[in-house]
Amino acid sequence: MGEHTTFSWLPVIIPVLPLVAAPAIYVAGLRSWKARNTLSLIVAATCTCLVLLLYPAVSGGTIVEASFPRIVPPLGLSFRVDPLGLLLGVIASFIWTMATVYSLEYMKHEHHKKRYYPFLILALAGCMGTFMAGDLFTLFLFYEIMSLSAYVLVIHEETSEAMRAGYKYLIMTIIGGLSIFMGIAITYQITGNISLGQGGVFPGASGVALLGFVGFLIGFGIKAGMVPLHVWLPDAHPVAPSPASALLSGLLVKTGAYGLIRIIYDIYGIELVREAGWNEVMIWMAAITIFLGSAVAIVQDDLKRRLAYSTIGQMGYILLGMALLNPNALAGTIFHIFSHAFMKSTLFLCAGAILHRIHTRSISKMGGVGPKMPLTMAAFTMASLAMIGVPPFNAFLSKWQISLGALDVGRPFFVGLLLVSSFMNMAYYMPVIIAAFCGLKDTCPDTRIQEAPWTMMVPIIVLALANVFFNVIPRSLPLILSEMAAALLYH
């Protein structure tokens, strides 16, 4: 594709802006809630605009870089934006902006708003820095900023349930961070090179190289919700405020998947991973993740907990696609990262709107809510159909691509698994929709219930429409970027 590199300050400014703004937002909140809210929204929206400025260069085959060597001798900081980083950066900053708009009303009557907004923006800094890191050390620093900031969002409600979930999340985060650090140390010791975009820096397989790979798999697998490392996720996502849940499930778990893609394709290299057979372990762990997440979601009555287990199953698709080591499957995985971010963010924001109005997360108590909140439930229905994989919604295309990749490498079993999983998705989403619109028993009889305020509804509607828009336009830019990213990683 004729890639070449160019220097720009934008990959540095994008993560540093929210990093610097977070303390300013806290100080502003001490004086004026309007200034705090406005500044938070401006920072998130500015990040989106700055990332979009990189699109012309990156879509034309240019890798945008900025490097500052030996800031922490012998290591430095470096930033790098290729098609994969650009796509995830756009997704993250845009959905963060939507979640911030949603928060303006949702958090109005919540406590500790002075703490919520600074850590919301600090987590954005960590997320953007992770996607725009040019080496493993830079990635690790921002990944930890994101992880620790998210802990504050998880425990925000300060209930006993939230504190228990936060404790579990923190323990798993510490284990993950130490595992990644071990992997980075081993990589540097063996290769002397921890830069991304090299197409593989390890000279060959060895016991120590395997130990590093396991460290990365544990560290990033925890955040990605990979079974059996998923134990924090079903507890943490439901207890967080709904806009934070949307970001946790829609974006923060993707940083784990992103890290694994970089480790497989940029650090160890496709040939080494395939010849050593390490991807086979990931393939079967992904298969277990798909089935278990979907199966457990079916029996959940708590709507947000059902959505959390659904996230585990959906992350299994992403793990499977990257582990098949095939261009089609990898393109499908990257596009599914995009699709799932919009689908799950829509669903959690809808769940938050319902909770905001009827004050329950119990699905059995949502009968008849559809006619009272038609826009919310219409958006929930669109996102649910997308999760199931019904065309023309986005996830149909990503599942199709992963299935093609599975067939390309002679693994038709996994095509069947994706079909079974789609039926399981139907089994846990359709009852919610049917109960809301067609429930024989109106378990939500309060006639005063109505749609949430417009500041909550606009993000819901925008994200819901995105679940179909990018799959029906003639040239889908996210799909083009996904294919470009897959081709670049697979070269």
Helix 33-53: inclination vs the chain longest Cα principal axis, degrees, rounded to 10, gives 40
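Using a cut-off of 15 Å between beta-carbons, work out the net charge of the residues near Thr455 (Lys and Arg +1, Asp and Glu -1, Thr455 not included). Don't skip to the end; give the middle numbers.
Details: positive: Lys34, Lys108, Lys113, Arg357; negative: Glu105, Glu110, Glu451.
Charge balance in the 15 Å sphere: +1.
Less than 11 Å Cβ to Cβ from Gly166, Lys/Arg counted +1 and Asp/Glu -1: what total charge do the surrounding residues give?
So the surrounding residues net to -2.
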Computed on Cα atoms, the radius of gyration and Dmax of region 297-392 in angstrom are 15.0, 47
For region 7-47, the Cα-Cα pair-distance distribution in 5 Å bins from 0, as whole percents, is 6, 25, 28, 19, 11, 6, 3, 1
Note to self: with every protein chain in place and a 1.4 Å probe, the chain gives an accessible area per residue in Å² of 35
Mean shadow area (nm²) of the C-alpha convex hull around region 189-258 is 5.9
With no solvent term and unit scatterers on the alpha-carbon positions of region 123-191, Debye gives log₁₀ I(q)/I(0) at q = 0.12, 0.22 Å⁻¹ of -0.37, -0.91
Summing -39500 (n - 2.57) over every DSSP H run of at least 4 residues in the chain and dividing by its residue count gives a helix-only mean residue ellipticity at 222 nm, to the nearest 500 deg cm²/dmol, of -24500 deg cm²/dmol
Taking a crude spin-label model, label points 7 Å out from Cα along the C-beta direction, the Ala205 to Met163 distance in nm is 4.8
Here the relative contact order (percent) of region 206-347, from C-alpha pairs under 8 Å and at least 6 apart, is 29
Per principal axis, largest first, the Cα atoms of region 279-338 extend in Å by 38, 24, 10
Rounded to two decimals, the Debye log10 I(q)/I(0) of region 342-431 (Cα scatterers, no solvent) at q = 0.12, 0.20, 0.22, 0.26 Å⁻¹ is -0.45, -0.93, -1.05, -1.30
Env charge @ Ser294, Cβ radius under 15 Å, K,R +1 / D,E -1, value +4
Output for region 78-162: GluC sites (Glu not before Pro) sitting in coil per DSSP, at most 15 other Cβ within 10 Å, listed by number, reads Glu110, Glu158
In whole angstrom, the spacing between the Cα centers of region 1-41 and region 192-229 equals 30
Rounded to whole angstroms and listed largest first, the alpha-carbon spread of region 195-354 along its three principal axes comes to 54, 25, 24
Using alpha-carbon coordinates alone, the radius of gyration and Dmax of region 82-153 in Å work out to 13.3, 42
Of every hundred units of 1.4 Å-probe accessible area on region 280-373, the number belonging to carbon and sulfur atoms, as a percent, is 64
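With a 1.4 Å probe and every protein chain kept in, tell me what percent of the accessible surface of region 43-122 is carbon plus sulfur.
Numbers: 1890 of 2770 Å².
Using a 1.4 Å probe with all protein chains present, region 43-122 comes out at 68 percent carbon and sulfur.
Looking at region 43-103 from every direction and averaging, what is the projected area of its Cα convex hull in nm²?
Details: hull surface 20.3 nm².
The directionally averaged projection comes out at 5.1 nm².
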In degrees, nearest 10, the alpha-carbon axis of helix 253-262 is tilted away from the dominant principal axis of the alpha carbons of the chain by 20
So the pair-distance distribution of the chain, from every Cα-Cα distance in 20 Å bins, comes to percents of 26, 60, 14, 0
Along principal axes, largest first, the alpha-carbon spread of region 355-491 in whole Å comes out as 58, 33, 22
Checked against a 28 Å limit on the C-alpha separation, the offending pairs among Lys168/Lys254; Lys108/Lys365; Lys344/Lys372; Lys34/Lys304; Lys113/Lys344 are Lys34/Lys304
Taking only the alpha-carbon positions of region 14-168 as identical scatterers, the Debye log10 I(q)/I(0) at q = 0.09, 0.10, 0.11, 0.14 Å⁻¹ comes out as -0.31, -0.39, -0.46, -0.72
Per residue, the convex hull enclosing the Cα atoms of region 101-233 spans a volume in Å³ of 115
Taking Cα atoms, the helix 10-31 axis meets the longest principal axis of the chain at an angle in degrees (rounded to 10) of 40
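The values are calculated or read from the model by the stated rules, or taken from the named source; none is laboratory data. Keep in mind the model is a prediction, meaning the values are calculated, not measured. Positions of Cβ are generated from backbone atoms using ideal geometry, with glycine treated the same way; all protein chains shown enter the neighbour counts. Calculation scope for accessible area: heavy atoms of the full protein, side chains included, ligands and nucleic acids excluded. Shrake-Rupley method; radii C 1.70, N 1.55, O 1.52, S 1.80 Å.
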